[in-house]
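J.: Pasting in a structure now, in C-alpha cells, and then I'll have a few things to ask.
The numbers here are math on the coordinates, done by the rules we state, and not lab data. In this text, all values refer to a predicted model and were calculated from it rather than measured experimentally. Cβ: placed from backbone, ideal geometry, glycine included. Neighbour counts: every protein chain shown.
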Amino acid sequence: MQPLEPAVFDHYMANGWRLLGYSIIRHNFAVCRSQMCGTIPLRIRLKDFQFSKSQRQLLRRNADLNVDYGPIMLTPEHDTLFQLHSEHRFTERRPDLLATFIGAQAHLEPVTGTSFTVRMPDGKVVAYSFMHIGQKAVSGTYCFFHPDFSRFSLGNYTFLLELLKSQELGMEFYYPGYCYDVPSQFDYKLNFNALESFNWKTGAWQPQERLHVRHWAELV
C-alpha cells in the first residue's frame with residue numbers, strides 16, 4: 001500500500017475495486033456457504049440519497065449514544081473488540097486479525113482514513129467504523145461492533161453515520177463494498193435508496209433496486 005491522489009482513488013472505486021487491508025483489490029466471484037457465487041460492487045449516489053423511515057427511526061433511537069469522529073488511530077482496544085466481533089460474526093473463513101481489513105497506516109494510505117467510535121452513555125465502546133475519503137468518493141472500509149449490543153443495530157447505525165458524514169463533506173458517491181448474487185449476510189447493503197450496482201460485463205454502473213431486509217439464512 002502507498003498513498004494515492006484522491007482522484008486516482010476515486011477512479012479505482014468507480015471501476016469496481018475496493019480497499020482491503022494493505023491492498024486495493026477487485027474480484028467478480030467469492031465463496032458463500034462453501035459455494036461459488038458472484039460479487040456485485042455497490043455504491044450510493046449521495047445527491048439523490050434520502051433516509052428511509054426506518055433509518056431515521058434508528059438514528060433517533062440511538063441519539064443517546066456518544067459518537068467521536070477523527071483520524072484512524074488503531075489501539076489494542078480495537079483488536080479486543082474485533083476479536084469479539086469476529087468470533088460472533090463469521091461462520092466460515094473467520095479472520096484472526098484486524099489487519100485483514102485495516103492497515104497500520106490506514107489514516108494516511110491510500111487516502112485519508114477516518115473513523116467513528118461509538119460509546120454507550122456510560123463510556124463503554126461498542127462499535128468502530130472506518131472510511132477513506134477520495135476527491136468525490138468515500139469508501140466505507142470496515143466496521144465492527146460488540147455482539148452483546150445487537151439491539152442497537154450498530155452495523156447499520158455506523159453505515160448511516162458514514163452516509164451523513166459523506167453528504168456533509170459534499171461527496172458524490174459512497175462505496176459500501178459489495179454484496180453477493182445469492183442471499184448472504186451482505187444483503188443489508190441493498191436496503192438503501194439511490195443505490196447502484198457495477199456491471200462486470202459492461203463496466204457501467206446501473207440502478208439497483210432497493211431490497212428490504214430479509215432473513216437471508218432462511219433462503220438457502
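J.: Choose one answer from S52, S115, S86: the residue with the largest mean-square fluctuation in a GNM of the chain with alpha-carbon springs under 10 Å.
T.: S52
J.: Pairs of Cα atoms under 8 Å, at least six residues apart: use those to get the relative contact order of the chain, whole percent. Can you show the working numbers first?
T.: Values: 389 pairs, mean separation 60.0, N = 220.
Computed value for the chain: 27 percent relative contact order.
J.: Given the C-alpha centroids of the range 29-89 and the range 121-184, what is the distance between them in whole angstrom?
T.: Centre-to-centre distance over Cα atoms comes out at 4 Å.
J.: Between K53 and V182, what length comes free when the chain is fully extended (0.36 nm per residue of separation minus the Cα-Cα distance, one decimal in nm)?
T.: On the way: separation 129, 0.36 × 129 = 46.44 nm, distance 2.65 nm.
Contour length minus the Cα-Cα distance gives 43.8 nm.
J.: Looking at the chain, identify the longest residue range that excludes and avoids all GluC sites (Glu not before Pro) in DSSP loops having at most 12 other Cβ atoms within 10 Å. Present the calculation step by step, with values, prior to reporting the outcome.
T.: Values: sites that count: E92, E209.
Answer from the scan: 93-208.
J.: Report, in debye and to the nearest 20, how large the dipole of the range 6-219 comes out about its Cα centre when Lys and Arg carry +1 and Asp and Glu carry -1 on their Cβ. Write out the running numbers ahead of the final one.
T.: Values: 22 positive and 20 negative charges, 110 e Å.
For this selection, approximately 520 debye.
J.: Which one of S150, S166, S129 has the biggest mean-square fluctuation once the chain is modelled by GNM with Cα springs under 10 Å?
T.: S150
J.: Can I ask one more? Which of the pairs K136/K201; K47/K201; K53/K124; K47/K136; K53/K136 have their Cα atoms more than 19 Å apart in this structure?
T.: Numbers: K136/K201 25 Å; K47/K201 26 Å; K53/K124 28 Å; K47/K136 12 Å; K53/K136 27 Å.
The answer is K136/K201; K47/K201; K53/K124; K53/K136.
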